[in-house]
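Notes to accompany the following structure.
The values are calculated or read from the model by the stated rules, or taken from the named source; none is laboratory data. In this text, all values refer to a predicted model and were calculated from it rather than measured experimentally. Methodologically, a virtual Cβ is constructed for each residue, glycine included, from the backbone with ideal geometry; neighbour enumeration extends over all protein chains shown. These area figures cover heavy atoms from the full protein model, side chains too; ligands, DNA and RNA do not enter into them. Shrake-Rupley method; radii C 1.70, N 1.55, O 1.52, S 1.80 Å.
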Amino acid sequence: FFGEVVVAPSRAGLDEEEEAPEETPEDREIRKEIEKKRYRREIDVLWSWQPGGCAGEPLVCSRFIVAIGRNAAAFLSSFILDSVCWEVVGVVKLWNEWCKTSSTTNVLPTDSFCLFYRLISDPTVLLCQCSCYVAEDQQFQWLEKVFGSMQKKGLQVTILSTCPVADYKTQESTLTLVSPFLKALKTKEFQEQVCCPLLEQPNIVRDLPAA
Amino acid sequence: MFIPCDRGGGSAAPDFKGFTLLMPAVSVGNVGQLAIDLVISTLDMTKVGYFYTDCLVPMVGNNPYATAEENSMELSINAEVYSLPSKKLVVLQIRSPFIKNKYRPFCETLLSWVKSSKYARVVLLSSSHAYQRDDEQLLGTPLRYLLTPDLEKAVGGRMKELNWKEMEKVAAYPGISNTDKVLHIPGGGITKLLFTESCSEGIQMAVLLKFCSEGDNIPDAFVLVNYLNEWLQLIKSEVSTSNNSTDPSSQWKIPSSWRLLFGNGLPPALF
């Protein structure tokens, strides 16, 4: 409103706990929900062979394809997944301020979910559809719990995700760019041919795909 | 936390004993981080490892110091370590902010890595909100330094020779006289925590900081890195023949990742 002084946030992203900011009613509500046992920051990775949710044998994995975000998840649903060749083997249950997933594997495309599938003809091929948002304080946990359940055998990981064209940094304006377009990042261990150009500086990838 | 790069040939983890560790605080204007970018880029430092940590927001991209297509394809993440053995220098670059409530664990792990690696000293580049300066601080140089007691003995004299200004302590309760003076570094991120912890743990640490505001902080980065250079002499500051002054700014190499810091080109249809 007119006359309201708004403190501009610093790009440095500081979180100085000395100056405890006043909580807005929304903040207070979110904080209370977080503190309630039901809405904790811990995520649960449940595999189909663990009825009680306890640690079982690690899954042997040679290829792991992860689709992060609704677009990538929809791509897999449309072109790759079907109930004949693939079976559900796991689910991630989590809560954060943006979304909540449950342990059900019967999901609608509009739901937030994170499911793991295994190729029936080659059970070392694993696929993950993660349409929910994994918050920054949960990303490391997701990684450790998912990869920790795997026995890696010459593991090759492929991550599929999307970003808005408006976020792409380039000399020309993004208005005239032909989109959608593909860019890739790869580790030096990946020796195969990449199907598209590499992501140029100064562009970066963040969140779960980066993690 | 520290994972060395596999440089092939089965080399052991690098030995940092006796080296100087140079690192930024994620602070106002990201000045420390920009200054570190200039150091790594200019000295063409080699990456020797990274931090595997859950304390920083994840990010990944291609080599930010790429100069040609051949060296542009190396992945780069949020916390990486570079070294230049000829100058006994190791540089840590931090590229993303701390995850909520994770800055304390990070500082603890960092300082224990400093001790176990046996660094001779740590130099922390930082910044503080310019608008928080008092009347006296508004005049004169915007640059300040701090030394832990152990380092004060070793280099305190050099700071006096350089005519540097020590960061002033402020009253704990402004407006009330006779209160204790405390160190206050608003906008400095983890600077104060790292400094006070280093004091109590006997780590030799120097903090170099600049008062600044958010905006185009590239000039601030140059000022800070030249300030650092006055002491550590990382690059030679050539005397300019045209005006007979020392201006090393032109000798720092701007990394390719600084392109497009303020957005893309404009759509021609706009005009």
| query | Within region B:35-53, is even one residue over 29 Å from B:Glu166 (Cα atoms), in contact with a helix residue (DSSP H, G or I) (Cβ under 8 Å, 6 or more places away or on another chain), more than 9 Å from every other protein chain (Cβ to nearest Cβ) and not hydroxyl-bearing (Ser, Thr, Tyr)? | reply | yes
| Across region A:150-170, which residue is nearest to the chain's Cα centre (by Cα) among those that are among the hydroxyl-bearing types (Ser, Thr, Tyr) and within 14 Å of chain B (Cβ to nearest Cβ)? | A:Ser161
| Pick from region B:27-52 the residues that are touching a Leu at 6+ places or on another chain (Cβ under 9 Å) and open to solvent by 10 Å² or more (accessible area, probe 1.4 Å): which of them is farthest from B:Phe222 (Cα to Cα)? | B:Thr46
| note | Checked pairs for region B:183-194, first at the interface with chain A (Cβ under 10 Å from one of its Cβ atoms), second among the polar types (S, T, N, Q) and open to solvent by 10 Å² or more (accessible area, probe 1.4 Å), C-beta under 7 Å and 6 or more apart or across chains, list as B:Pro186/B:Gln132; B:Gly187/A:Ser10
| message | Which condition from (1) open to solvent by less than 20 Å² (accessible area, probe 1.4 Å); (2) in contact with a helix residue (DSSP H, G or I) (Cβ under 9 Å, 6 or more places away or on another chain); (3) under 16 Å from B:Val26 (Cα atoms); (4) among the aliphatic types (A, V, I, L, M) is the one that B:Val81 breaks? | response | (2)
| Among the candidates A:Ser179, A:Ser173, which residue alone is open to solvent by less than 70 Å² (accessible area, probe 1.4 Å), touching a helix residue (DSSP H, G or I) at 6+ places or on another chain (Cβ under 8 Å), within 9 Å of another protein chain (Cβ to nearest Cβ) and among the small types (Gly, Ala, Ser)? | A:Ser173
| remark: In region B:98-129, anything within 24 Å of B:Val28 (Cα to Cα), of a type outside the set (Phe, Trp, Tyr) and over 14 Å from the mean Cα position of the chain (by Cα) is listed as B:Ile99, B:Lys100, B:Asn101, B:Lys102, B:Arg104, B:Pro105, B:Cys107, B:Glu108, B:Thr109, B:Leu110, B:Leu111, B:His129
